[in-house]
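Everything below concerns the one structure shown next.
The values are calculated or read from the model by the stated rules, or taken from the named source; none is laboratory data. If you're wondering where the values come from, they're calculated on a predicted model, not measured in any experiment. Every residue, glycine among them, receives a Cβ derived from its backbone with ideal geometry; neighbour counts consider all protein chains shown. What goes into the accessible areas is simple: the full protein's heavy atoms, side chains included, and nothing from ligands, DNA or RNA. Shrake-Rupley method; radii C 1.70, N 1.55, O 1.52, S 1.80 Å.
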Amino acid sequence: MTHSEKKTTVVVLGAGYAGLVAAKRLARQSRAAVRLVNAEPDFVERIRLHQAAAGQSLAELPLADLLGDSGVDLVVGTVTEIDLAARLVRVGADRVLRYDILVYALGSVSEADAVPGLAEHAVTLSDRADAARLAERTARCRTITVCGGGPTGVEVATELAESHPGLSVRMITKGRVGGWLSARASRYLDRQLDRFGIEVIGDAEVVRVERGAVVLADGTRVGSDVTVWCGGFTVPVLAREAGLAVNERGRVVVDETLRSVSHPEVYAVGDAVAVAGPWGAELSYGCRSGGFTGPYAADTIAARLAGRAPKPFRFRYVHQCISLGRRRGLVQFVRGADESPLWMFLRGRIATWYKEIVSSSAIWLFRHPGPYLSRRRS
Ligand SMILES: Cc1cc2nc3c(=O)[nH]c(=O)nc-3n(C[C@H](O)[C@H](O)[C@H](O)COP(=O)(O)OP(=O)(O)OC[C@H]3O[C@@H](n4cnc5c(N)ncnc54)[C@H](O)[C@@H]3O)c2cc1C
């Protein structure tokens, strides 16, 4: 343990899939003072928000419990500003935290302004408040329209259809629902949507959301009591506003050790980072990348504090897990080289079981974030 390491303060912003494990793992293997800032006192299982929207209760996961005796100092509050020159973070109206190293892990949110009327007349699904709002509206409506045929749209539509059999559920999407899947998996998905009675309007672009309707590019007006926007994710503007180098989507641009290319004392992980996959393209949004970038950043910071050279970040996706209600699912295995679908996929209950193990493993990782190194040796 070096003298400088004892004095280092690392502030981690965001206690999601990436930030929580990064903070805990770093505290376990270095002498750095680690502070974790999060808007809420609980860990939110975002990958289960569609279940909450369908009226299911999710496990209570207080961050204080998950952090246990790790030594991480939890600060509950909303980060409002990052001052990169002074190395300060403002939390709420009056709290200021100093850092030597910053880990930016503020995740993503659903797009809220992709089309006119979205913010006023549609529900998004970014946090627990959104899920509660959707659950409340769904309970007293007859038709629901899910805009977006990606994995989140599929999970939301099928979960709501299963939990509310009397509800008329419709999906509207550009291209086709599940267009990224292998041909066999895609046919399986079509059959399941049909079983749930979900109406699919494909090759259609929603250009406006109105009270009680969505409007398509060809002028068609489709009636809808409740409209859910699952058209895509975007990232918080804090990084851009602070002056960190970001790409056109606002994700932080990093080197091969997840260190900001503009401010080397800043690391970025999870959905907030524009890390490239082995094929060169950006990793898609997903808790999977958070579960790998978070621990990697912790190890890299610990290595650098101890005077060791870190290894470059390497990551390959192997699968994509999609729930289709509580009794069925679909696991599409993908090529690590480019994330394209392999012929192999799982379906039905075995896929549900597989996805449940993957989803629960995130919580397991928080409780067992990785090696005890320096603390034990020191
Ligand atoms: C319905 C739904 C289903 C999904 N299903 C899957 C799935 O099956 N598989 C998959 O891989 N991905 C899935 N995702 C995506 C997945 O949830 C995200 O990719 C993942 O949560 C990103 O992890 P993260 O750690 O980067 O950010 P997050 O988990 O979003 O964590 C960010 C944290 O930062 C906090 N925060 C944000 N701004 C501030 C601020 N200004 N101040 C303080 N704190 C702040 C937030 O409160 C949050 O705790 C799903 C998403 C949704 C909405």
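For segment 287-378, the strands (runs of 3 or more DSSP E) that sit wholly inside it and include 1 or more residues that are outside the structural domain of SER30 (by TED's automatic domain parsing), open to solvent by 60 Å² or more (accessible area, probe 1.4 Å) and not β-branched (Val, Ile, Thr) are 328-334, 341-347. The residue that is nearest to the chain's Cα centre (by Cα), counting only those in segment 262-277 that are free of Cβ contacts under 8 Å to residues at least 60 places away in the same chain and farther than 17 Å from ILE301 by Cβ, is ALA274.
Surrounded by fewer than 20 Cβ atoms within 10 Å (Cβ to Cβ), among the aliphatic types (A, V, I, L, M) and assigned by TED's automatic domain parsing to the domain that holds GLY223, is that true of ALA129? So ALA129 fits the description; yes. In segment 159-220, counting only strands (runs of 3 or more DSSP E) that sit wholly within it, the ones holding 3 or more residues that are open to solvent by less than 50 Å² (accessible area, probe 1.4 Å) span 168-172, 206-210, 213-216. Scan GLY77, GLY16 and give me the residue that is within 17 Å of the chain's Cα centre (by Cα), under 17 Å from TYR104 (Cα atoms) and of a type outside the set (Val, Ile, Thr). On inspection, the qualifying residue turns out to be GLY16.
If the condition is being aromatic (Phe, Trp, Tyr) and within 11 Å of the ligand (Cβ to nearest atom), then segment 245-291 contributes only TYR285. If the condition is being part of a loop (DSSP other than H, G, I, E, B) and open to solvent by less than 10 Å² (accessible area, probe 1.4 Å), then segment 19-35 contributes SER30, ALA32.
I'm trying to understand the selection: among the residues of segment 1-18, which are more than 8 Å from the ligand (Cβ to nearest atom), open to solvent by less than 10 Å² (accessible area, probe 1.4 Å) and modelled with pLDDT of 95 or more? Answer for segment 1-18, where residues must be more than 8 Å from the ligand (Cβ to nearest atom), open to solvent by less than 10 Å² (accessible area, probe 1.4 Å) and modelled with pLDDT of 95 or more: VAL10, VAL11, VAL12.
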